[in-house]
Every structure is written in structure tokens, then in C-alpha cells.
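Each remark here refers to the structure printed beneath this line.
The values are calculated or read from the model by the stated rules, or taken from the named source; none is laboratory data. Computed from a predicted model, the values in this text were never measured in an experiment. Areas reflect the complete protein model, heavy atoms only, side chains present, ligands, DNA and RNA absent. Shrake-Rupley method; radii C 1.70, N 1.55, O 1.52, S 1.80 Å.
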Amino acid sequence: MARYQRHQHHQWRKVEKPCAAAEEDEESQTTTFLMEFANSGYYYKRTSPKLLYLLFISFLSCSFILAPHLFSSTTTFSLLYSTPVEDMDVNVPLCSSISNGTICCDRSNIRSDICVMKGDVRTHSASSTIFLYRSTEGSSFQNRVSDVVEENEEDETEELEHEKVKPYTRKWETSVMDTIDELQLIAKKDTLGMHHRCDVQHDVPAVFFSTGGYTGNVYHEFNDGIMPLFITSQRFNKKVVFVILDYHNWWVMKYGDIVSQLSDYPPIDFSGDTRTHCFPEVTVGLRIHDELTVDSSLMEGNVSIVDFRNLLDRAYWPRIKSLIEDEEREAVEKQSASLASKSSFEPESEVQEDQFKKPKLVIISRNGSRAITNENLLVRMATQIGFEVNVLRPDRTTELAKIYRALNASDVMIGVHGAAMTHFMFMKPGSVFIQVVPLGTEWAAKEYYGEPARKLGLKYIGYQILTRESSLYAKYDKDDPVLRDPESVNKMGWEYTKKIYLDGQTVRLDLGRFRKRLVRAYGYIFHRLNYHPHLQSQ
């Protein structure tokens, strides 16, 4: 069951990006810079008027150099470490390219925060910290200030910058974010002669993310984790190390085939591996575009959701090939045993092959809430129409490669709205996805699965049930808002939506009405299979 996005004024209102903050005037920016400079650590001891005067003169002499960078634009991250807007491609995410020794955080997206550290980056899992040691050699301004205040310094590893990030893609949802581990990102001054332990030296970047939150629900596992991981790491061409917070062995086992297509290196358990890992660059957090999709306009090389679908093909094909070989071997053994048991005079039966290919239909079956209670009659009707029907009953232990194999080979998928509809991504573009939409779930069904399916290239058919097709029809009076105005019930809060519409109803299809959708899907696929051979399912 997918977790819907709760909103104060509309139960399932689509989450939009916040408007950019109003620009500060130059005077307020100057004041902010002076306050940050004054509190940055250079004044941690009592300072003489002469020293203050020298610092002020140094600042004025450098202001002409720094001014264009400080006042040309405003962004959501530190002015000291930002890239001027005029030099940036509008389609390139913030912090995608930064200089050595800097921390850049993009907090502009309502779904997730992203921070990038570049340079001498080292982990310290015991304190949930990632350190960036910044050389003092790179800035003449810093060198001049250091010369002046050197006699007053006591801590050669003073903290220069400090950011906090929870690397999960539902930052607007406080209840779940409270369960996500927080990382401290700290930049320190690296003076000559300092020695930092490095147990494992990596020569490729790292991406830090969490597999906590709603992990355990296939919709959230793909929408909040796997697809954002693809979006964030695809540009590294597998030369990247994944560091996982809230590490689960079962998650690594379940999604190992996909992860191996994104990285050439084994993932690291951040809490379980106490060694100091050193990286040249680190990205903390994952980028996310929309529900179960990839926005090609935001990706390098216009990478799209179809490219993600192709990655799934590469991830699961080795396992599927192994399954096919096992089945063929078993079939040969059974045939040999059967022939050995036959009498020599028994005639062999002739198998007549159909002249035309039958469209393959997969029904994703549910038990309990939102189950189709007349599913057996649906199977019979679909068979009579001409489909080759397969009823799939996946659970948490079902191997994803087996689900992928069944749907990848199917032409039509039918299922009732819920997390299992995430498996539409396993279907080939050009296939048909029929989603049965129970009462009170119309908006969510369309936004979370219908529209993403269209973006993948599927033919989407939404079947909105009538009131009499819901088990709620027998529980409530015909004038009750539950039946008459589900939207008003949804506005009352998530707990009502979940209890009534998600957990509290089953569906009994009006087969006469549903048959029209099924016949339409059959005609579309039959024509595609038999009169357009180049579009046939493999």
C-alpha cells in the first residue's frame, strides 16, 4: 500500500516545489557576510583593537575581489561556496559541480536535501560524521588572515563549516524523517603536519543514502530509494561507492541485481563498518523527480524512465536465463521419463499450434483489503475473450526476478490500486496496464501509477468502480459521505483514508462493464502482436 502525501488542505494534494526565497538586498547580504566572518572562529579569543584594525583592512582589500561573487546572485546554499548563476546550465542540478575543499548543500527541493563534499573527505561512523579537511594553501585571503591571528590560535582543526542532512527522500513528512539517521558534515582546516588516519582509500566518489523509512513497501522501495539512486548515481557510470545508513541485509539481497548495475563496488554499511573510509568526493542524499519516474530534462544525456527500464532488463536477465535453463532441463527429464514409460505401440499425440499468438494477461492478485472477490469469474471471462491468463500472487518473499519475468513477457496487466501496481515498470513499453480504482482512491491511483505508466510508454486504462462494486456499499447508507463524497472523507485525515478506503473495502467487479475494457485491450494487443511483428513481445 502506497503512502499518500498528506497535506493540510487536501488529503492527497500533489506536492509542488516551493517558490524561491525573496532576494536579499545588497546591504543585508553584506551584513550577513560580516556576521558570519565575525563568528567563524577567528574571534574566539579576546582580540586587541590593533588586530581588529588589521582584520578590517584585510577585509576591505579583498572585498573588491569577492564582491562580484557575493552579490551577483542568491542561492539556497552558502554564498561563499556557490557557483554564479550565469555560469550554470538551468538543467544542471545545484551542487553538481563544485571546487575542491567545499561543501555545497541544495535544500531547494521539498522532497530531499542534497549535499556534496569535494576534496579530502573522511568518514567517522561512531559520531555519524563525514569530515572534509580543507587546505589553507588555496586562498591568499585566508593565508593573510592566518598570518595575523596565528599567535592566538589554539585548535589547529577548528570547525569551518557544519551542515546536517538526513539522506531520505521524504523530507516534508516529519513523522518518517524522525526515524532517519542524521549525518553531520563538517569542514575543518587542514594545517601542514597534521596526520589523519585513513583505513580504506577509495579513488572514486561515494553516494550516501538511507534504506530506512518506509522500506518494506515495494512502492516506497522503488519510488523513494531505487529510482532516486538511479537518478543520482547514473552520471558516475558505475564508478561510485554506495554507503548505506539504516543498512538491511535483506534490502541488499533483494535489490542487489539492480545495485550491481549502478556500481562496480560492494555497498558499505555505514554504522556497521567502523573503519575510516576516504573519498575524493561525496554526495549525501538522493535526488528525486516525481512519482515513479525520471525527468529526462533534468538528466545528463536526457536519460529517461525507459533507460531505467532497460537497466532492469540488464539486472534481471542473468537470473531469468538461469530460471529458463532450469525449467528446460526439468522438461527434458520429464519427457525422457514419459517416453520410457510409454509402450512402443502407443501413438504420439499431435499438438496443434494456434495460427495466431494469444495475448498474455497477468492478474496481480490481492488477499484481504482491495481483493477482487469474483476473481475466478474474471479469469474465466478473460480466457473466453482469448487471453492466455496467469494469476500472480506476489508477497514479500517472492523473488523480484520471477515477477519481472512474468510481467516482462505479458501484454496486459490487471490489478487493484495498491503498492503492487509499482510492478507496471516491469512491463514493456506498448503493453496495457488496467488499474482497478476503488472508492476514495481515484486521485492517488492516477498520480502514483496511471501517469507514471503513461510516461513509460504503456497504454493505461483506469477502471473507476461504481459504488455498488465496493463492499462499502453494504456497510454504509447510500447518502453517507463515505459513498457519496469520498473526497470530503479524505480531507478529514490520512487515518480515515487508510481505515475506510484502503484497509476497509474489497471489490466485486461488474463483469459486463469491465468486459468492455478487457475487449478493448485484447483488440489493441492482438492487432499489435499479429499484424506488427516488429512489435511482438519476446
| request: Provide 198, 105 ordered by accessible surface of protein heavy atoms (probe 1.4 Å), highest first. | output: 198, 105
| Leaving out ligands, DNA and RNA, what percent of the accessible area of the stretch 360-535 is carbon and sulfur, probe 1.4 Å? | 49 percent
| remark: the stretch 246-319 accessible area per residue, 1.4 Å probe, protein heavy atoms, integer Å², reads 43 Å²
| query | Just from the alpha-carbon atoms, what are the Rg and Dmax of the stretch 360-535 in angstroms? | reply | 16.4, 53
| Bridge type composition, the stretch 360-535 - antiparallel percent by DSSP, nearest 5 | 5 percent
| request: Let me know the shape class of the stretch 187-238, please: from the alpha-carbon gyration tensor, a ≥ b ≥ c as square roots of the eigenvalues, rounded when a/c is under 1.5, otherwise prolate if a/b is greater than b/c, or oblate. | output: prolate
| task | Once you have a ≥ b ≥ c as the square roots of the Cα gyration tensor eigenvalues for the stretch 370-457, tell me rounded if a/c is under 1.5, and otherwise prolate or oblate according to whether a/b is larger than b/c. | result | rounded
| query | Which whole-number value in Å² is the accessible area per residue of the stretch 360-535, probe 1.4 Å? | reply | 43 Å²
| the stretch 367-456, relative contact order [Cα under 8 Å, separation at least 6], % | 24 percent
| query | Non-local amide H neighbours of residue 113 (under 5 Å, H modeled in plane, Pro and chain starts lacking H): which ones? | reply | 168
| said: Under 8 Å for C-alpha pairs, at least 6 residues apart: give me the relative contact order for the stretch 360-535, rounded to a whole percent. | reply: 24 percent
